[in-house]
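Asker: Before anything else, here's the structure in question.
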Amino acid sequence: MKAVSLQELARLVNGEVIGDDGRIISGLNGMDLAGEEEITFVTDKKSALRMAGCRAGAFIVPAGFESDDRPCIRVGDPYLASAIIHLFFLEKPFEAAGIHPAAHIGRECRIADEVTIGPLVAVGDRVVIGKRVTLKPGVVIGDDVVIGDDCFLHANVTLADGCLLGRRVIVHSGTVIGSDGYGYAADGEGNHIKRPQVGIVRIDDDVEIGANVCIDRAAFGETRIKRGVKIDNLVQIAHNVVVGENSLLVAMAGIAGSTTLGRNVVLGAQTGVTGHLHLGDGSMAAGKSGVHTNLKKGAVVGGIPAVDIKVWGRASAVFSRLPQMLKDLRQLKKKVEMLAGRLGEKES
Amino acid sequence: MKAVSLQELARLVNGEVIGDDGRIISGLNGMDLAGEEEITFVTDKKSALRMAGCRAGAFIVPAGFESDDRPCIRVGDPYLASAIIHLFFLEKPFEAAGIHPAAHIGRECRIADEVTIGPLVAVGDRVVIGKRVTLKPGVVIGDDVVIGDDCFLHANVTLADGCLLGRRVIVHSGTVIGSDGYGYAADGEGNHIKRPQVGIVRIDDDVEIGANVCIDRAAFGETRIKRGVKIDNLVQIAHNVVVGENSLLVAMAGIAGSTTLGRNVVLGAQTGVTGHLHLGDGSMAAGKSGVHTNLKKGAVVGGIPAVDIKVWGRASAVFSRLPQMLKDLRQLKKKVEMLAGRLGEKES
Amino acid sequence: MKAVSLQELARLVNGEVIGDDGRIISGLNGMDLAGEEEITFVTDKKSALRMAGCRAGAFIVPAGFESDDRPCIRVGDPYLASAIIHLFFLEKPFEAAGIHPAAHIGRECRIADEVTIGPLVAVGDRVVIGKRVTLKPGVVIGDDVVIGDDCFLHANVTLADGCLLGRRVIVHSGTVIGSDGYGYAADGEGNHIKRPQVGIVRIDDDVEIGANVCIDRAAFGETRIKRGVKIDNLVQIAHNVVVGENSLLVAMAGIAGSTTLGRNVVLGAQTGVTGHLHLGDGSMAAGKSGVHTNLKKGAVVGGIPAVDIKVWGRASAVFSRLPQMLKDLRQLKKKVEMLAGRLGEKES
């Protein structure tokens, strides 16, 4: 367990110490749980109100925050600073447990010495595994796979033939990388002829993939997840999709075949994107939206089909009034007919 | 195989026998499948019409049901009574097969004598496993897990480090309990810094969880599924969610981080609930709805964003008429302008 | 590797060769990737424009296509023809690797000689496995399962007790077949009593099932997937559902209990269908729709709740104008009142 002074922690995050900068801290925790030797973090006024009842030994607080009698580190972004400090406390040297005797390794593999491959792991033929890789039990690796340094594959992950992982990729349990894309040709008699899916999935550095996600291999070429992308649970990524750097795909989002996403795109939970589109850099789709058109850089959309988020918000707010609007419209129609009649009488 | 009289079955469910109460019954089956030694059940008039063509030896029928010449058990709720009788026929003593030699058990585990742990199961270190627990092949249990008495984990379930199961918890295949929550801090340059997820998942007694479900561990503290909750397939439960007693989460529903559900909440299929909300006791969200606000006790909502279900139903019914309404509105506008013109002429 | 003349390939697909019919081709690839010894395919004018920059040795082109100097096979449907030719190049005799010593086979199984069962596969008791079946690592087969000839189960698939697969069924990783249906009876005090799920799942010939799909066993009887159905990733099929021949269920679609689909039904991605419905032959539901009613043969619907797709399309197009319509309606109301007032004055 690490134990360092507030001063040292502040240095990690370019923060300013308020109060006792020699205070020794040995961990980070949530406000409700932090003990006297732990630091916690305050992100807004609401959480600041809970400081009095909190036992933490120190607080990471936002820039404008006025000190009380509790030791604090003042930073621009307490949320980010707390992540950095938490990672600092948790980081530890990789402990290589080697290859468990109950793991099954195929032929002609090149596996770094310094790995942890658990029991009941199956690795195919000609697989390359980098340094400090962890494969938990139940992981199945196909043939001709490459796994970069410092990857961590949780239990029961499947990484199928030919797929490539960069460095520091984390994959959570139950996720399938390299399943066949959904591609069939109609034979004219109602039957579906399978189109072979002979491409791969390539995943770049620093990608994290949640649990029970599916990423299909390309029909030809590559399905590609670029550097820094973070994918939540139960997301579906179809064949030949490209997801740009640092994009965020929230739980249960789905992207149909051959669609490409720029950098820092955000898809909200349960969003669907149809195939063969391009979503520009920094574009966002609200949760549950259905994106049917290309999105320009920075566009923010919502709804099914998705439109500008403000337009959608305003229209949604009116939606509940539809029955009243219909009623009003009918009454108005009658009234106008009556007026027209009366005016006609006068005119005749 | 059990074989008991209709009289004895009636006693199990506080029912009244009509006809031959000594009739011997040895099982329960659906109406289309029941044979002469089996009992079946009639829940409504529609199913009652099929009695004539049914070979069942006896029927569980609702209170008002008039007997014909077939032996019946009359009860308040035939659906409930049939479940109780079916469970009675199927219940049998636990047969402990012990720990299969091809299972891998970690260090310092405490495992009851009376368990069935199949081949190709991996159990981590310091795991506690109660009596009459079944772990099917492919199950992976992390370190420091506790599994209460009478739990049943189907094949290929993953239960990650530190998670706690109460008693009589059933988990179906492919489900992942204890994957990391989806939490990142932005670094100001478009990159996402992982926030460590150091909490656990705690699941109380009598919970059943479907297949390929994901329940993320808490960032800090616990994600909590309370007693009697029933979760369907492919449901997503994010970090720090609390699901209250006896709630029902239907297939493909998703709940975002830190949202809490009261008792007996029902989320319809493919429903999404955003984070940091509270859904009151007994509240319900219709299938496919998107809940963006807190719900009061007993509230019933639908739509995206979700509103009162009646309001949503009425508005949805009008939705298809929007094009006609727009047309009418335009015509009316013209007509009113024309009338105003004619009136102006008259006035001038 | 096969190497055949253009002439021979044309014969496979009833095509007409344009140019050098003796040209030797040894594979098929996408336009961007095809080399000189490979054939590729052109499906529309847009892709035809890319022919000049393409290195492929030959092209599969549509009927009306005018030849340039490149060798072509002209066919009615290049998409279908390319699938057939690609499958021809990839097909190879089954190589039976037998049963890996680290697979666990139960008692009284009947397994054909000619199979490939990988390491870390668990097969239950009384299982029947046909010829040329492949079970990849991590597959778990329950008791009393039957798997027909030429099935391929990818890694980490679960096929639970009693389920039946026809011939040539492909199941992708993480998929669960035979999990319990979601059925409970309310006990009047808020608790849910499990209804035993004692049926099976029956899957007919030539079905393909994507990754992380869930297909629940019937409460009684069978959940049934008929011949030629193709199911994408993360689809949910509840107990007692019947999916008719050659239907297509796109990613993340869900079908509630006891609903039956006719032949060649198409459910778009993220579609939901409520229980106890019938969707007629050839009916289609657009992505993200919520189907709450029976569909007639050939019906095409969209929206939540789903209505005729044209009606939905038109209404959706108007949706964004709702705020303006409300504003217009209010102004019109005022104007009409004013007109009525003026007319009243004149009349008085």
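Asker: Tally up the residues in region C:107-122 that are out of contact with any Pro (no Cβ under 9 Å at 6 or more places or on another chain) and either part of a strand (DSSP E or B) or surrounded by 18 or more Cβ atoms within 10 Å (Cβ to Cβ) (or both), please. Please lay out each step first, then the result.
Answerer: First pass over region C:107-122, keeping only residues out of contact with any Pro (no Cβ under 9 Å at 6 or more places or on another chain): C:107-117.
Subset that is either part of a strand (DSSP E or B) or surrounded by 18 or more Cβ atoms within 10 Å (Cβ to Cβ) (or both): C:110-111, C:115-117.
Matching residues across region C:107-122 total 5.
Asker: Still on this structure, I have one more. Looking at A:Val243, A:Val301 in this structure, which one is assigned by TED's automatic domain parsing to the domain that holds A:Thr223, in contact with a Leu (Cβ under 7 Å, 6 or more places away or on another chain) and under 23 Å from B:Pro305 (Cβ atoms)? Talk me through it step by step, then tell me what you get.
Answerer: On the way: A:Val243 fails: under 23 Å from B:Pro305 (Cβ atoms).
Selected residue: A:Val301, the only one of A:Val243, A:Val301 that is assigned by TED's automatic domain parsing to the domain that holds A:Thr223, in contact with a Leu (Cβ under 7 Å, 6 or more places away or on another chain) and under 23 Å from B:Pro305 (Cβ atoms).
Asker: Could you identify the single residue in C:Gly142, C:Gly188, C:Gly166 that is touching an Asp or Glu at 6+ places or on another chain (Cβ under 7 Å), more than 7 Å from every other protein chain (Cβ to nearest Cβ) and surrounded by fewer than 24 Cβ atoms within 10 Å (Cβ to Cβ)? Steps first, answer last, please.
Answerer: On the way: C:Gly142 fails: surrounded by fewer than 24 Cβ atoms within 10 Å (Cβ to Cβ); C:Gly188 fails: touching an Asp or Glu at 6+ places or on another chain (Cβ under 7 Å).
Matching residue, one of C:Gly142, C:Gly188, C:Gly166: C:Gly166.
Asker: Here is a follow-up. Considering only residues that are within 20 Å of B:Arg195 (Cβ to Cβ) and touching a strand residue (DSSP E or B) at 6+ places or on another chain (Cβ under 6 Å), which ones fall in region A:10-20?
Answerer: Hits for region A:10-20 are A:Ala10, A:Val13, A:Gly15.
Asker: Which residues, counting only those in region A:145-162, are crowded, with 24+ Cβ neighbours inside 10 Å and either under 18 Å from A:Asn212 (Cβ atoms) or within 8 Å of another protein chain (Cβ to nearest Cβ) (or both)? If you could, list the steps in order and put the result at the bottom.
Answerer: Of all residues in region A:145-162, those crowded, with 24+ Cβ neighbours inside 10 Å come to A:145, A:147, A:151, A:153-160.
Selection gives A:Leu153, A:His154, A:Ala155, A:Asn156, A:Val157, A:Thr158, A:Leu159, A:Ala160.
Asker: Sticking with this structure for a sec: Identify, from the list C:Glu208, C:Glu222, the residue that is touching a strand residue (DSSP E or B) at 6+ places or on another chain (Cβ under 9 Å) and within 23 Å of B:Ala34 (Cβ to Cβ).
Answerer: Result of the check over C:Glu208, C:Glu222: C:Glu222.
Asker: Restricting the first residue to region A:119-138 and requiring it to be on the phi > 0 side of the Ramachandran plot, which pairs with a second residue that is of a type in the set (Phe, Trp, Tyr) and surrounded by fewer than 22 Cβ atoms within 10 Å (Cβ to Cβ) meet a Cβ separation below 7 Å and a spacing of at least six or different chains?
Answerer: A:Arg132/A:Phe94
Each row is one residue, and each column tells you yes or no for (1) over 19 Å from C:Gly199 (Cα atoms); (2) touching a Gly at 6+ places or on another chain (Cβ under 9 Å).
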position	(1), (2)
B:Lys2	yes, yes
B:Ser5	yes, yes
B:Glu8	yes, no
B:Gly22	yes, no
B:Leu28	no, no
B:Ala34	no, yes
B:Thr40	no, yes
B:Lys46	yes, no
B:Leu49	yes, no
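Asker: Let me ask another. Those residues that are surrounded by fewer than 15 Cβ atoms within 10 Å (Cβ to Cβ) and small (Gly, Ala, Ser), I need them from region B:314-347; list them, please.
Answerer: B:Ala317, B:Gly341, B:Gly344
Asker: Residues being outside any loop (DSSP other than H, G, I, E, B) and either within 13 Å of chain A (Cβ to nearest Cβ) or crowded, with 24+ Cβ neighbours inside 10 Å (or both): count how many of those fall in region B:215-229.
Answerer: Adding up the residues that qualify gives 5.
Asker: Something else about it: Restricted to region C:200-226, and to residues that are among the acidic types (Asp, Glu) and within 13 Å of the chain's Cα centre (by Cα), which residue is nearest to B:Gly210 (Cα to Cα)?
Answerer: Initially, region C:200-226 is screened for residues among the acidic types (Asp, Glu), giving C:204-206, C:208, C:216, C:222.
Those left that are additionally within 13 Å of the chain's Cα centre (by Cα): C:206, C:208.
On the way: C:Asp206: 27, C:Glu208: 22 Å.
For region C:200-226, the residue satisfying everything is C:Glu208.
Condition check ((1) in a helix (DSSP H, G or I); (2) at the interface with another protein chain (Cβ under 7 Å from one of its Cβ atoms)) across all residues:
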| residue | (1), (2) |
| --- | --- |
| C:Gly282 | no, no |
| C:Lys288 | no, yes |
| C:Gly298 | no, no |
| C:Val301 | no, no |
| C:Ile304 | no, yes |
| C:Val311 | yes, yes |
| C:Arg314 | yes, yes |
| C:Val318 | yes, yes |
| C:Gln324 | yes, no |
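Asker: Mind listing whichever residues of region B:75-97 are part of a strand (DSSP E or B) and either in the same structural domain as B:Lys136 (by TED's automatic domain parsing) or at pLDDT below 95 (or both)?
Answerer: Correct list: empty.
Asker: Report, by residue number, each residue of region B:53-87 that is away from chain C (no Cβ under 14 Å), small (Gly, Ala, Ser) and surrounded by 24 or more Cβ atoms within 10 Å (Cβ to Cβ).
Answerer: If the condition is that a residue be away from chain C (no Cβ under 14 Å), small (Gly, Ala, Ser) and surrounded by 24 or more Cβ atoms within 10 Å (Cβ to Cβ), then B:Ala58 is the only one that fits.
Asker: Return the pairs, sorted by first residue and then second, in which the second residue is at pLDDT 95 or above and among the acidic types (Asp, Glu), the first residue lies in region A:81-103 and is within 25 Å of A:Pro119 (Cα to Cα), the beta carbons are less than 6 Å apart, and the residues are 6+ apart or on different chains.
Answerer: Final answer for the pair search is A:Ala96/A:Glu114.
Asker: Same structure, new question: Out of region C:134-160, which residues are farther than 22 Å from A:Leu120 by Cβ, more than 21 Å from the chain's Cα centre (by Cα) and not in a strand (DSSP E or B)?
Answerer: Listed by number, the residues that qualify are C:Asp144, C:Asp149.
Asker: I would also like to ask the following. Within region B:174-202, how many residues turn out to be touching a residue at least 12 places away in the same chain (Cβ under 8 Å) and in contact with a Ser or Thr (Cβ under 9 Å, 6 or more places away or on another chain)?
Answerer: Total satisfying the criteria: 13.
Asker: Also, I was wondering about something else. In region C:1-48, which residue that is in a helix (DSSP H, G or I) and in contact with a helix residue (DSSP H, G or I) (Cβ under 7 Å, 6 or more places away or on another chain) is surrounded by the most Cβ atoms within 10 Å (Cβ to Cβ)?
Answerer: Of everything passing the filter in region C:1-48, C:Leu9 is surrounded by the most Cβ atoms within 10 Å (Cβ to Cβ).
Matching residues to (1) hydrophobic (A, V, I, L, M, F, W, C); (2) closer than 17 Å to C:Lys194 by Cβ:
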| position | (1), (2) |
| --- | --- |
| B:Ala219 | yes, no |
| B:Ala251 | yes, yes |
| B:Thr271 | no, no |
| B:Gly275 | no, no |
| B:His278 | no, no |
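Asker: Here are some conditions: (1) in contact with a Lys or Arg (Cβ under 9 Å, 6 or more places away or on another chain); (2) within 14 Å of chain A (Cβ to nearest Cβ); (3) of a type outside the set (A, V, I, L, M); (4) over 15 Å from C:Arg202 (Cα atoms). C:Asp125 meets all but one. Which one does it not meet?
Answerer: All conditions pass for C:Asp125, except number (2).
Asker: Assess whether C:Pro119 counts as being more than 26 Å from the chain's Cα centre (by Cα) and at the interface with another protein chain (Cβ under 10 Å from one of its Cβ atoms).
Answerer: Taking the combined requirement at face value, the residue satisfies it.
Asker: Can you tell which of A:Ile209, A:Ile170, A:Ile200 is touching a Phe, Trp or Tyr at 6+ places or on another chain (Cβ under 9 Å), closer than 20 Å to A:Gly130 by Cα and of a type in the set (Val, Ile, Thr)?
Answerer: Step by step, each of A:Ile209, A:Ile170, A:Ile200 is checked, and only A:Ile170 is touching a Phe, Trp or Tyr at 6+ places or on another chain (Cβ under 9 Å), closer than 20 Å to A:Gly130 by Cα and of a type in the set (Val, Ile, Thr).
Asker: Could you list, in sequence order, the residues of region C:124-139 that are under 29 Å from A:Gly174 (Cβ atoms) and either surrounded by fewer than 18 Cβ atoms within 10 Å (Cβ to Cβ) or in contact with a Cys (Cβ under 6 Å, 6 or more places away or on another chain) (or both)?
Answerer: Selection gives C:Asp125, C:Arg126, C:Val127, C:Val128, C:Val133.
Asker: Name the residues in region B:275-295 that are over 20 Å from C:Ala238 (Cα atoms) and touching a Pro at 6+ places or on another chain (Cβ under 9 Å), would you?
Answerer: Matches in region B:275-295: B:Gly290, B:Val291, B:His292, B:Thr293.
Asker: Hey, another quick one. Please determine, by comparing only the residues of region B:236-280 that are of a type in the set (Gly, Ala, Ser) and more than 14 Å from chain C (Cβ to nearest Cβ), which one is surrounded by the most Cβ atoms within 10 Å (Cβ to Cβ).
Answerer: Here is the first cut: in region B:236-280, the residues of a type in the set (Gly, Ala, Ser) are B:238, B:244, B:247, B:251, B:253-254, B:256-258, B:262, B:268-269, B:272, B:275, B:280.
The next check asks that each one be more than 14 Å from chain C (Cβ to nearest Cβ); those that pass are B:238, B:256-258, B:275, B:280.
Details: B:Ala238: 27, B:Ala256: 25, B:Gly257: 20, B:Ser258: 18, B:Gly275: 14, B:Gly280: 17.
The qualifying residue surrounded by the most Cβ atoms within 10 Å (Cβ to Cβ) is B:Ala238.
The values are calculated or read from the model by the stated rules, or taken from the named source; none is laboratory data. Just so it is clear, the model here is predicted, and its values are computed rather than measured. Glycine also receives a Cβ, built like all others from the backbone with ideal geometry; neighbour counts cover every protein chain displayed.
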